[in-house]
2 protein chains.
Amino acid sequence: MAGQLRDNSQYMTDVTRKEEDTIDFEIIELLFFAYRDFTGDPDAILEKSGFGRAHHRVVHFVNREPGMTVADLLDTLKITKQSLARVLKQLIDSGYIRQVTGPEDRRQRMLYTTKEGQALARALAEPQSRRIADALAKTGPGAREIVKRFLVNMKNSAAD
Amino acid sequence: MAGQLRDNSQYMTDVTRKEEDTIDFEIIELLFFAYRDFTGDPDAILEKSGFGRAHHRVVHFVNREPGMTVADLLDTLKITKQSLARVLKQLIDSGYIRQVTGPEDRRQRMLYTTKEGQALARALAEPQSRRIADALAKTGPGAREIVKRFLVNMKNSAAD
DNA sequence: AAAGAAATGTCAGCTTTGTTGACACAATTC
DNA sequence: GAATTGTGTCAACAAAGCTGACATTTCTTT
């Protein structure tokens, strides 16, 4: 029962019972547990390479959108450039990401994964992808489309 | 287009295309964006009370399972007791959570939210719950059951 | 051409939230 | 009585976020 919640209905006060009617605690918690375990998947690999979850996100998105600029990345991750600079520099120095001066706008730095970066991104994504595939298979046919639409609806719309 | 990804198919190398076949990058990213924006909802309230997301999680789970012990909470959150001690102490000192010596095992500390704690937990959960309800409504009838099963399947099973 | 704005990099310092290791104390169990 | 368990606490450290300030290069606007 580690990491789960017990049935606690016998403890419920009237206030709690009323909240239960209007607030979707169940999905809120399931999201927490699902995401916690989902992000835990790549930890073993990250530890070996000496990187953290911040590095994971950077390698992932640069690998997914080759040629994206620093500004693009900041916008995707929603962190400050000082925060990004730290992990990005480490990834460049370690040879997982390289920068190319923008061909039109020479102020920009287009980001690309190296061969090593691609391998790392793939290795990190693999256990997560397997977890998703297993979960979708267990949930039943048609689950992927529903889940995908739900997740799209959960995130903020384009005009952030 | 802030925080989103462009169509980058024209940049794809053969390696990337092969990965696309076997790795579910799409759901991986949607989970990231959905969870990022979902956890951003309570930020305004947290800033006002001077608490962080760690406090949020503690108040939430204690409110959901009144009488849970410190060990239960550690098991749920999967953090160390030293890390928990910091935020728990602040929540107790601020009057949002109170401790009661265990009736059977007097070493245990049963945790309860105060009236203020319940109000805080509810206020924090409200925008998240609204986001979920809206997303489910847009996704269509029957979405809740599918999403719920998917999330249950995504988390690690009971024997962590 | 000069002035301004934009994209990026960097320095310095701070905060939150996680970690390890060590130790203390009271209460329970063997 | 000894060992174990549940909890608290001290100290130090690490990851990853933040703000503010300032420099450089390059583009855009006037």
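The values are calculated or read from the model by the stated rules, or taken from the named source; none is laboratory data. Predicted model, so just to flag it, every value in this text is computed and none were measured. Reconstructed Cβ throughout: ideal geometry from the backbone, glycine too, with neighbour counts over all protein chains shown. To get the accessible areas, we keep the full protein, side chains included, count just its heavy atoms, and leave off ligands, DNA and RNA. Shrake-Rupley method; radii C 1.70, N 1.55, O 1.52, S 1.80 Å.
Roll a 1.4 Å probe over the protein heavy atoms and report the accessible area of residue A:138 in Å², nearest 10.
Ignoring ligands and nucleic acids, residue A:138 comes out at about 150 Å².
Shortest first and in nm with one decimal, please list how far the residue A:94 label point sits from its counterparts in the other copies (point 7 Å along Cα→Cβ).
Its label point is 3.5 nm from the equivalent points in the other copies.
To the nearest 500 deg cm²/dmol, what mean residue ellipticity at 222 nm is calculated for chain A from DSSP H runs of n ≥ 4 alone, each contributing -39,500 (n - 2.57), summed and divided by the residues?
-20000 deg cm²/dmol
Using just the C-alpha positions of the protein assembly as shown as equal point scatterers, what log10 of I(q)/I(0) does the Debye formula give at each q in 0.10, 0.12 1/Å?
-0.65, -0.91
Run the dipole for chain A about the Cα centre, Lys and Arg Cβ at +1, Asp and Glu Cβ at -1, nothing else charged, and hand back the magnitude in debye, nearest 20.
Numbers: 25 positive and 23 negative charges, 163 e Å.
That gives a dipole near 780 debye.
At 15 angstrom or more along the helix axis (alpha-carbon based) and mean Kyte-Doolittle of 0.0 or higher, what helices does chain A contain? Whole DSSP H runs only.
The answer, listed by residue number, is A:25-40, A:143-154.
Taking amide H atoms as placed 1.01 Å from N in the peptide plane, list the residues 5 or more away in sequence, or in a different chain, whose amide H sits under 5 Å from that of residue B:68.
B:111
I'd like to know which of A:83, B:66, A:102 lies farthest towards the positive end of the charge dipole of the protein assembly as shown, counting +1 on Cβ of Lys and Arg and -1 on Cβ of Asp and Glu.
So the residue we want is A:83.
Over 20 Å between Cα atoms, which of A:148/B:138; A:155/B:148; A:81/A:115; B:89/B:115; A:115/A:155; A:89/A:115 qualify?
On the way: A:148/B:138 12 Å; A:155/B:148 17 Å; A:81/A:115 25 Å; B:89/B:115 17 Å; A:115/A:155 31 Å; A:89/A:115 17 Å.
Going by Cα-Cα distance, A:81/A:115; A:115/A:155 fall outside the 20 Å limit.
Could you tell me the largest-minus-smallest coordinate of the C-alpha atoms of segment A:38-90 on each of the three principal axes, in descending order and whole angstroms?
Dimensions of segment A:38-90 along the principal axes of its Cα atoms: 30, 21, 17 Å.
Specify the residue with the greatest mean-square fluctuation among A:149, A:109, A:86, computed from a Gaussian network of chain A linking alpha-carbon atoms under 10 Å apart.
Maximum fluctuation in the GNM of chain A, among the listed residues, is at A:149.
Looking at chain A as a GNM with Cα springs under 10 Å, which of A:105, A:75, A:93 has the largest mean-square fluctuation?
So, out of A:105, A:75, A:93, the one fluctuating most is A:105.
Taking the Cα centre as origin and putting +1 on Lys and Arg beta-carbons and -1 on Asp and Glu beta-carbons, what dipole magnitude results for the protein assembly as shown, to the nearest 20 debye?
The calculation lands at about 640 debye.
Could you give the radius of gyration (one decimal) and Dmax (whole number) of the Cα atoms in chain A, in Å?
Here Rg and the maximum Cα pair distance are 20.1, 66 Å.
Run the numbers for residue B:157 and residue B:48: contour at 0.36 nm per residue of separation, minus the present Cα-Cα distance, in nm.
That works out to 35.6 nm of additional length.
If you roll a 1.4 Å probe over the heavy atoms of the protein chains, what accessible area per residue do you get for chain A, in Å²?
That works out to 52 Å² for each residue.
Mind checking how much accessible area A and B bury in total, 1.4 Å probe, in Å² rounded to 100? Before the final figure, lay out each step's value.
Numbers: alone 12200 and 12200 Å², together 16520 Å².
Counting both chains, the buried surface is close to 7900 Å².
Quote the FRET efficiency, to the nearest 0.05, computed for residue A:148 versus residue A:26 with a Förster distance R0 of 22 Å and r equal to the Cβ-Cβ distance.
After rounding to 0.05, the efficiency reads 0.60.
What is the average number of partner chain Cβ atoms found within 10 Å of a Cβ in B:62-69?
4
Can you compute the equivalent ellipsoid semi-axes for segment B:58-153, i.e. the square root of 5 times each eigenvalue of the Cα gyration tensor, sorted largest first and rounded to whole Å?
They are 31, 16, 12 Å, listed from largest to smallest.
Springs between alpha-carbon atoms under 10 Å, Gaussian network over chain A: tell me which of A:132, A:28, A:79 tops the mean-square fluctuations.
A:28
Going by amide H atoms built from the backbone, whose H comes under 5 Å of the H on residue A:51, apart from near neighbours?
none
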